[in-house]
1. Hey, with R₀ at 30 Å, roughly what FRET efficiency would residue 147 and residue 57 work out to, going by the Cβ-Cβ distance, to 0.05?
2. In whole Hz, what ³J(HN,Hα) sequence does region 92-109 give by Karplus (6.51, -1.76, 1.60; θ = phi - 60°), x for Gly and Pro?
3. In straight Cα distance, which aspartates and glutamates are under 12 Å from residue 161, not counting same-chain residues fewer than 8 positions off?
4. Volume per residue, Å³, of the convex hull around the alpha-carbon atoms of the chain?
5. Mind listing the long-range amide H neighbours of residue 143? Cut-off is under 5 Å, sequence gap 5 or more, other chains count too, H placed in the peptide plane at 1.01 Å from N.
6. For residue 114 and residue 72, FRET efficiency with R0 = 25 Å and r from the beta-carbon atoms, rounded to 0.05?
7. Please list 3J(HN,Hα) in residue order for region 60-70, calculated via the Karplus relation 6.51 cos²θ - 1.76 cosθ + 1.60 where θ = phi - 60°; whole Hz, with x for glycine and proline.
8. Given region 43-142 reduced to its alpha-carbon atoms as identical point scatterers, what log10 I(q)/I(0) does the Debye formula return at q = 0.13, 0.14, 0.18 Å⁻¹?
Amino acid sequence: PIFPRFSAPDLSELRTSAVDGTFVATITEPNRSPLTPGSVRLLQGRFFRALTVAMATRRLSAGDTITEDDIEFVRLRVTRVPHQAAVDATRLVGMQARWPIQPRTVMLTSQVRSPVVVDKGASIRVIVKSANLTVAAAGVALESGASGQVIEIRSQSSNKKLRARVQDANTVILE
């Protein structure tokens with residue numbers, strides 16, 4: 001034939017050592033022609049455990065909402081992965097940056113929070129529920145909070161400080 005068929009090398013032996021993270025492989029390259037025998041090569045090296053983690057694609061400011069375009073996934077040696085590294089986009093997308101995050105840095109779960117829906121100082125509706133009765137009153141948020149988070153509020157009618165769970169941007173439920 002004018003163009004010999006390409007064949008990939010064969011891996012004839014592979015030895016690994018988990019103790020020092022090394023490997024030795026014997027590779028046999030196929031014959032290039034009937035007159036030339038295949039060559040045998042010894043390949044040595046190190047191997048490392050790796051983990052896929054999220055990295056920021058751009059600078060994120062405190063309060064920025066994270067989108068899929070703000071994240072890229074890269075494989076890093078396990079020894080170089082921080083303890084709280086985010087490994088899943090669902091734990092990041094839609095969250096807000098707690099503080100600035102630099103581009104090309106591993107994103108940590110501690111760097112993000114649920115989006116704030118009630119701002120400190122906002123006028124809110126305070127709901128108190130019992131088995132047969134629901135009462136609404138006016139209040140002021142004494143701290144910012146995300147949906148489902150318990151925050152401190154002040155009732156405008158009694159001027160008392162209370163703890164309530166954020167339901168939405170205008171409503172908290174007294175617990």
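Throughout, read-outs are computed from the coordinates displayed, never taken from laboratory work. Small disclaimer: the values here were computed from a predicted structure and weren't measured. Every residue, glycine among them, receives a Cβ derived from its backbone with ideal geometry; neighbour counts consider all protein chains shown.
1. 0.70
2. My calculation for region 92-109 gives 10, 4, x, 7, 10, 6, 6, 8, x, 10, 7, x, 6, 10, 5, 8, 9, 5 Hz in order.
3. 143, 152
4. For the chain, the hull spanned by Cα atoms encloses 226 Å³ per residue.
5. 121, 152
6. Efficiency computed from Cβ-Cβ geometry: 0.65.
7. Calculated HN-Hα couplings, in order: 10, 8, 4, x, 5, 7, 7, 10, 4, 5, 7 Hz.
8. For the requested q values the scattering log ratios are -0.61, -0.65, -0.83.
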